[in-house]
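What follows is a set of notes on a single structure, which appears directly below.
Values quoted throughout were computed directly from the atomic coordinates according to the rules given, and no laboratory measurement underlies them. On a predicted model such as this, the values are computed, not experimentally measured, just so you know. Quick reminder, even Gly has a Cβ in these numbers, built from the backbone with ideal geometry, and neighbours come from all protein chains shown.
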Number of protein chains: 2
Amino acid sequence: MNKFEQLLRVNHIKVTPQRLRIVEELYGHVHMSIDELYQAIKKKFPTISLATIYKNINAMIEKGFILEVQIPNQKSKYELVKPSHSHVVCQTCGKVEDITLDLDTIAHKAANLTHYQIKEEALVLSGLCPACKAG
Amino acid sequence: MNKFEQLLRVNHIKVTPQRLRIVEELYGHVHMSIDELYQAIKKKFPTISLATIYKNINAMIEKGFILEVQIPNQKSKYELVKPSHSHVVCQTCGKVEDITLDLDTIAHKAANLTHYQIKEEALVLSGLCPACKAG
DNA sequence: ATATCATTAGAAAACAATTATCTTTTAAAT
DNA sequence: ATTTAAAAGATAATTGTTTTCTAATGATAT
């Protein structure tokens with residue numbers, strides 16, 4: 001049993017070829033929109049329905065092993081859950097990268113100021129990637 | 001000329017009653033979704049069209065004096081631009097609050113790590129507000 | 001391996017959100 | 001006051017997402 005199959009089983013979600021392809025794609029591409037997933041999977045799996053992508057992405061989000069990443073001026077992307085991290089986005093080419101930043105201090109400060117109990121942090125930094133910065 | 005009219009003029013966007021009401025509402029409520037805006041404005045301005053809200057919000061975003069705030073599990077909210085700040089959201093009641101946090105250190109760290117030129121920071125912290133935390 | 005049962009996939013329709021189009025109205029500059 | 005470009009409002013068109021229904025399939029117990 002490979003790790004993708006395992007990922008589904010561990011999360012108590014039935015293993016289907018379509019679901020395996022979704023997690024394989026996300027593993028390979030890190031961040032993908034619904035439509036990118038659909039296009040990618042259709043290549044090797046022409047019969048898949050867009051509704052299947054939606055239903056499965058939503059199911060996986062509920063199970064808690066994939067995550068939606070909201071990005072300014074782009075459709076949301078989805079990624080496999082991994083240790084907490086932030087995202088850097090190029091405003092020109094749209095590229096999205098993971099970055100590990102320690103937000104604990106900031107989160108604590110926010111908790112003290114607002115008296116909220118903070119559970120999630122979503123930080124998206126937008127700017128120019130090295131390539132687009134160069135010209 | 002009041003400050004809302006001034007805000008529109010400064011941004012070279014024609015002053016209309018509908019636009020004045022939009023910025024007045026946003027000034028009063030700080031964060032509003034398209035539909036909240038629509039419902040609020042319809043009360044005193046029953047003839048306004050939803051399309052007018054959309055067109056104007058988009059125009060104002062382009063002019064750069066209102067901003068979209070993307071929030072997990074909620075429709076986007078819009079706010080008047082003011083000094084850079086972050087947002088805290090209650091996962092139970094949905095309330096959104098502004099919070100001033102210094103992200104400069106983090107942004108610089110990100111720039112060093114990724115070699116991106118960082119231009120915008122969007123931090124959304126989710127959790128439980130004092131009331132919902134209490135039960 | 002086979003039968004059973006609940007879940008899923010796929011296709012289409014329904015629904016929701018957003019944008020575009022067109023005509024009438026209006027702001028603002030002459 | 002007149003003119004003109006832009007905006008409002010109504011509707012249609014488009015896009016994105018969810019639901020519904022039936023056939024197919026994965027998991028479990030034989």
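A few remarks follow.
- Relative contact order for the stretch B:10-93: 30 percent, from Cα pairs under 8 Å spaced at least 6 residues apart, divided by residue count.
- In degrees, nearest ten, helix B:17-29 long axis to first principal axis of chain B (Cα): 40 degrees
- Rounded to 10°, Cα long-axis angle of helix B:104-114 versus longest principal axis of chain B: 70 degrees
- Proximal lysines to A:Lys95, defined as alpha-carbon separation beneath 18 angstrom and excluding residues fewer than eight positions away on the same chain: A:Lys75, A:Lys77, A:Lys133, B:Lys119
- Top positive-direction residue, dipole computed over the protein assembly as shown with Cβ charges, set B:Gln117, B:Leu20, A:Ser86: B:Leu20
- With the convex hull of its Cα atoms as the shape, chain A has an orientation-averaged projected area of 10.4 nm².
- When DSSP beta bridges are restricted to pairs lying wholly in chain B, around 70% turn out antiparallel.
- Test item: B:105-111 mean partner chain Cβ contacts at 10 Å: 5
- Teacher prompt: B:Ala111 distances to equivalent labels in other copies, 7 Å Cα→Cβ, nm: 3.0
- Acute angle (nearest 10 degrees) that the helix B:34-44 long axis makes with the longest principal axis of chain B, alpha-carbon atoms: 30 degrees
- Inter-copy label distances at B:Ser84, using a point 7 Å along Cα-to-Cβ, come to 2.1 nm with the shortest given first.
- Size of charge dipole - chain A - debye, nearest 20, with Cβ of Lys, Arg +1 and Asp, Glu -1, no other charges: 500 debye
- A straight Cα-to-Cα reach below 12 Å connects B:Lys3 with the aspartates and glutamates B:Glu24, residues fewer than 8 places away in its own chain not being considered.
- Ascending distances from the A:Lys133 label point to its copies in the other chains, with the point 7 Å along the Cα-to-beta-carbon line: 3.8 nm.
- Dipole magnitude for the stretch B:86-134: computed about the Cα centre from +1 point charges on Lys and Arg Cβ and -1 point charges on Asp and Glu Cβ, it is near 200 debye.
- Here the dipole of the protein assembly as shown is about 820 debye; that uses its Cα centre as origin and unit charges on the Cβ of Lys and Arg (positive) and Asp and Glu (negative).
- Antiparallel bridges, percent of DSSP beta bridges restricted to the stretch B:86-134 (to nearest 5): 50 percent
- Averaged over the residues of A:121-133, the number of partner chain Cβ atoms lying within 10 Å of the residue Cβ comes to 6.
- Once the gyration tensor of the Cα atoms in the protein assembly as shown is diagonalised, the equivalent ellipsoid follows with semi-axes of 35, 23, 21 Å, ordered largest first.
- Distance cut-off 20 Å, percentage of C-alpha pairs in the stretch B:3-80 lying past it: 23 percent
- In the stretch B:3-80, a dipole from Cβ-located charges (positive for Lys and Arg, negative for Asp and Glu) runs towards its positive end, and of B:Thr52, B:Gln70, B:Leu37 it is B:Thr52 whose Cα lies farthest in that direction.
- Across peptide A:77-88, the average count of Cβ atoms from other chains found within 10 Å of a residue's Cβ is 1.
- Euclidean distance of C-alpha centroids, the stretch B:19-57 and the stretch A:12-61, integer Å: 38 Å
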